[in-house]
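Working notes, beginning with the structure itself.
The values are calculated or read from the model by the stated rules, or taken from the named source; none is laboratory data. Because the structure is predicted, anything quoted here is derived from the model rather than measured. Cβ placement follows ideal geometry from the backbone for every residue including glycine, while neighbour counts extend to all protein chains displayed.
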Amino acid sequence: MIERYQAIEIILGQVRPNDLVLASTGMISREAFIADDRASNFYMLGSMGLLSSFGLGLALLKRERRIFILEGDGSALMSLGTLPLIGDAGPTNLVHIILDNEAYESTGGQPSISSGVDLADIARGSGYFWAIKADDPGGLISALNQFERIAGPGLILVKCGIAPVEGIPRVSHTPIEIRDRFKTAAQRQV
């Protein structure tokens, strides 16, 4: 099984300079911040479950840019209604990555229901063009390469463990700094 931090490093290692990356609240934002802080990363602070809606709107507005949504299973489960919206809108530039450790890790590791709910099946049933499961580094790289060959919307469900990296600091940018630098990066011509 792949660890979440390792998955985030692989994902951020595959994104292009002009790609826009949205990282969910909690440990995912913190780990993305440490792995590769850049202006074109948006760190969602304190708004669990809203990232996929934000990603959909951004993908529709910025069709010339690839949009990566990185969220946990808890966040995805909170906003299941957004999956059919993404499928119906069909943004070809969007890949939705759910890092599924079957827990609400940031609030104490309480179990989520994702052990009994197949989020990839839900994405396929919601109209995503493709949905792939990955649970090791090679499978994740292969799934990310799918986005190179076939347009989205696509979903990568990464089954990962609960293994927080010790000493990961909080995102040091203020919400206003995150907003402003991301806005500048998103508005940049490609």
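Observations on the model:
- Within segment 60-73, the set of residues being over 11 Å from the mean Cα position of the chain (by Cα) and touching a residue at least 40 places away in the same chain (Cβ under 8 Å) comprises 62, 64, 65, 66.
- Selection from segment 171-190 of residues that are more than 22 Å from residue 55 (Cα to Cα) and in contact with a helix residue (DSSP H, G or I) (Cβ under 6 Å, 6 or more places away or on another chain): none
- For segment 42-99, filtered to residues that are over 13 Å from residue 155 (Cβ atoms) and among the charged types (D, E, K, R), the residue that is surrounded by the fewest Cβ atoms within 10 Å (Cβ to Cβ) is 64.
- Counting only residues that are in a loop (DSSP other than H, G, I, E, B) and of a type outside the set (Asp, Glu), segment 1-25 holds 7 of them.
- Segment 151-169: number of residues that are part of a loop (DSSP other than H, G, I, E, B), under 18 Å from the mean Cα position of the chain (by Cα) and over 14 Å from residue 100 (Cα atoms): 3
- Given (1) over 12 Å from the mean Cα position of the chain (by Cα); (2) closer than 16 Å to residue 100 by Cβ, index of the condition residue 34 fails: (2)
- Across segment 26-42, the number of residues qualifying as assigned to a loop (DSSP other than H, G, I, E, B) and either under 17 Å from residue 108 (Cα atoms) or not hydroxyl-bearing (Ser, Thr, Tyr) (or both) comes to 4.
- Unmet requirement for residue 126, which otherwise passes all of (1) at pLDDT below 95; (2) among the small types (Gly, Ala, Ser); (3) over 27 Å from residue 13 (Cα atoms): (1)
- Inclusion of residue 75 among residues that are modelled with pLDDT of 95 or more, over 18 Å from residue 141 (Cα atoms) and among the small types (Gly, Ala, Ser) is not warranted.
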